Each structure stands twice: as structure tokens, then as C-alpha cells.
Amino acid sequence: MSLRHLPELTGTIPELSQDVMDDFERIAQHRHRIADILDTLDAEQLATPSLCQGWTVQQVAGHLTSGWNIGLAKFGLGVLKKRGNFHAANIEFGRELGARPAREIAADLRANAADRFTPPGSGPEAPLSDAWIHALDMCVPLGITYDVEIDDVMPIADLMVQKKSRRVRLNDFEERFSWRATDADWAHTTPGTPEFSGPVAALILALYGRGDALGQLEGPVDQL
């Protein structure tokens, strides 16, 4: 699958200032945009396999409502039922929430766009990365362009090279490789490791295990 619809990043990395939109406002915008997209999709599009293995487009959208619909206690119980498998529990809850009608999911995203839940030990960069990456998981297979400002992406890139994100990435790519953006002043270097370079959006998707991004990168793709 071609990533011809990988987002085109615009603008420049911002300096800190009073008028820079905070991460929670960015999260709310993503949720409204995803809801608007959902309202345009037909049954076939909603059932399309997303880039996130195990979920359809509709199930990805359902997952994006889990922060306020599942809660820590219920999610913890779900992990216990899956014998400690965080990923398996997450997949199951996404399918459960994604079984609702698409318009109900869209309405849920709008009604709770300002929700500020963050996973324990994480800040707003966690739900921000979840919203942006899953928006691409939905849009790329459908040929829908989802452009973003580059300042939306920098916190996500920084999060993706932290060890704490391994539980969602399910890989150790931040340690085995170095990563350098060609369209932004961003890099993560691990001494003595092979380097990947390319658009920062493609780097993030590759770090997140989305093989569809590899065609955008220079580096030892056969080692991933």
C-alpha cells in the first residue's frame, strides 16, 4: 500500500509562546476531525482493515473513545482476563466500542473531545499520539488525506523514542536504530546503530510498527 496520503506537514517548529495551542486543544481538534470523517464513511469503508492490525476503521474510531468509556479499573480487569496481555485487552475493548453505530461513535468523540484523561505516568502527549496515529490508521487505507501542523507532531516523535511507549509500539526500534527527520529539526541517535531518515511523519509510523511507511524512508528496512 502506498503512503501517498501520508500527511504533509506545514509550518515550522514553534518557539514557546502564549499563543501556541496546548496539547489538549490539539487532541480535541483531532477528535472533532475524526468524527467529521466518520460521518462521511459508508459501511464498506467502515469495515476496511485499518493500518492497526486487528481493527477495522470503525473499530479504531471506537478505540479512541476508550479513555472515558473504559476507565482504569475496567481496563485493568480486562488485562487480568487476558493473563496480563495489555495488547490483547486493548484490541478486545476497541472491538467492543467499535461495535456501536458509527454515528454514535462520532457523537461520542464530539461530546468528549475535551476529555483530559491520560494513562498513568503519561502526559497529554499520550492521547495526542493515539489520536494522530490512529487517524492515519483510518485514513491511509481509505485514500483520505489527513494533514497536520508540524508542531502537532514533535511531542509524538519525542514520545515514540521513549522506552515507556514500548507497550503500545511492541518493539525496541528506538534502541536498535537511529532516526533523523529530513523535514524538521528532530533526531534520536543511538550510538553505533544504523540510521533511518525521512519525513518525521513516516519515522513516527515506522517506530509505531506501521510497515506502510517504510517506502518513505532511507535506511536498512530489511532489519525491521
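Read the figures in this text as sums done on the coordinates, not as results from a lab. Note that the structure is a prediction, hence the values are computed from the model and not measured. Neighbour counts run over all protein chains shown; Cβ positions are idealised from the backbone, glycine included.
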Inset, instruction - For THR56, list long-range residues whose amide hydrogen, built 1.01 Å from N in the peptide plane, is under 5 Å from its own amide hydrogen. - result: SER50
Inset, instruction - Using a cut-off of under 18 Å, list every residue of the stretch 181-197 whose amide N is near the label point 7 Å from the Cα of VAL221 along the Cα-to-beta-carbon line. - result: 181-183, 194-197
Legend entry - Residue list for the stretch 102-120, given a label point 7 angstrom along the Cα-to-Cβ vector of LEU72 and an amide N cut-off under 13 Å: 117-120
Legend entry - Computed E for ALA107/ILE144 - FRET, C-beta separation, R0 25 angstrom, nearest 0.05: 0.80
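How long are the semi-axes of the ellipsoid equivalent to the stretch 22-214, from square roots of 5 times the Cα gyration tensor eigenvalues, in whole Å, largest first? Numbers along the way, then the final one.
Details: eigenvalues 137, 76, 51 Å².
So the three semi-axes of the stretch 22-214 are 26, 20, 16 Å.
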Legend entry - Interchain or long-range residues, amide H under 5 Å from TRP186's placed H: ALA181
Inset, instruction - Could you work out how far apart the two model spin labels at ASP172 and LYS81 are, taking each label as a point 7 Å from the Cα in the direction of the beta carbon, and quote it in nm? - result: 3.2
Inset, instruction - Any chance you could give the angle, 0 to 90 degrees and rounded to 10, that helix 71-81 forms with the longest Cα principal axis of the chain? - result: 90
Inset, instruction - Using only Cα atoms, tell me the angle between helix 150-160 and the longest principal axis of the chain; keep it within 0 to 90° and round to the nearest 10. - result: 90
Legend entry - Partners for LYS164 among aspartates and glutamates (Cα-Cα distance below 17 Å; same-chain residues under 8 apart left out): GLU125, ASP130, ASP172, GLU174, GLU175
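Tell me the mean residue ellipticity at 222 nm calculated for the chain from its helices only (DSSP H runs of n ≥ 4, each -39500 (n - 2.57), averaged over every residue, nearest 500). Before the final figure, lay out the partial values.
Details: 12 runs with 110 residues, N = 224.
Taken over the chain, the calculation gives -14000 deg cm²/dmol.
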Inset, instruction - Just need the relative contact order of the chain here, percent rounded to a whole number, with Cα pairs under 8 Å and 6+ apart. - result: 25
Inset, instruction - Would you mind checking which residues have amide H under 5 Å from SER178's amide H? H placed 1.01 Å from N; only 5 or more apart, or other chain. - result: THR190, GLU195, PHE196
Inset, instruction - Can you spot the aspartates and glutamates whose alpha carbon is less than 18 Å from LYS82's alpha carbon? Ignore those fewer than 8 places along the same chain. - result: GLU92, GLU96
Inset, instruction - Give me the distance between the Cα centres of the stretch 124-150 and the stretch 162-224, rounded to whole Å. - result: 17
